[in-house]
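Coordinate-derived values only; no laboratory data. The structure presented is a predicted model; accordingly, all values stated were derived computationally and were not measured. Glycine gets a Cβ as well: all are built from the backbone with ideal geometry, and neighbour counts include every protein chain shown.
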Amino acid sequence: MRALQGRLAGHGVPFGHWTFLRILWERDGLTQRELSDEAGVMEPTTFAALKAMEELGYIVRKQTAANRKNVYVYLTRKGRALEAKLVPLAEEVNRIAVRGASAGDVAATRRTLLAVIDNLSRSSPRKP
């Protein structure tokens, strides 16, 4: 985390925005609630991060005429452009993290971590 945080800071991107940007690069136009669920954080945390990201020009929040209750989050051109700058930083950190480990060990570790994450997400209490 610290290794990526420093690299992101070099581009003026707080670490707290990284997760939200990653999600939106994959699935733009989520509601704030969906984004909170995907990121695994509480909605007030998401709201604060999105407010700051909007002020930085990374996202816009919109309501539709058909559904004024939901707020949808969309990347701006500036937010989308960050992907080309920031993803290589994360890839670099990942390469550094596994340096010296065999490809088999890395694959086994990833499989194990994904199983742990999946098990924990299934065991978490569901929201009403």
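Determine the dipole magnitude for the chain: charges of +1 sit on the beta-carbon of Lys and Arg, -1 on that of Asp and Glu, nothing else is charged, the reference point is the Cα centre, and the result goes in debye to the nearest 20. Mind dumping the intermediate values first?
Working: 21 positive and 13 negative charges, 40 e Å.
For the chain, the charge dipole is close to 200 debye.
Which of the aspartates and glutamates could a cross-linker bridge to Lys78, judged by Cα under 14 Å and excluding same-chain residues fewer than eight apart?
Partners within reach: Asp28, Glu54, Glu55.
Relative to the longest principal axis of the C-alpha atoms of the chain, give the angle of the C-alpha long axis of helix 43-55, reported between 0 and 90° and rounded to the nearest 10°.
For 43-55 against the chain, the angle is about 80 degrees.
I need the calculated FRET efficiency for the pair Ala66 and Ala3, taking r as the beta carbon distance and R₀ as 41 Å, to the nearest 0.05.
It comes to 0.40.
How long is the gain from Gln32 to Phe15 if the chain were fully straight, where each residue apart is worth 0.36 nm and the alpha carbon distance is subtracted?
Stretched fully, the Gln32-Phe15 segment lengthens by 4.3 nm.
Just rank Trp25, Trp18, fewest to most, by other beta-carbon atoms within 10 angstrom.
Placing the least packed residue first, the sequence is Trp25, Trp18.
Grab the alpha carbons of the range 2-100, take their convex hull, and tell me the volume per residue in Å³.
101 Å³
Using alpha carbons only, how many degrees (0 to 90, rounded to 10) separate the axis of helix 15-26 from the longest principal axis of the chain?
80 degrees
With n ≥ 4 as the cut-off for DSSP H runs, can you work out [θ] at 222 nm for the chain, using -39500 (n - 2.57) per run divided by the number of residues, rounded to the nearest 500?
One gets -21000 deg cm²/dmol as the mean residue ellipticity at 222 nm.
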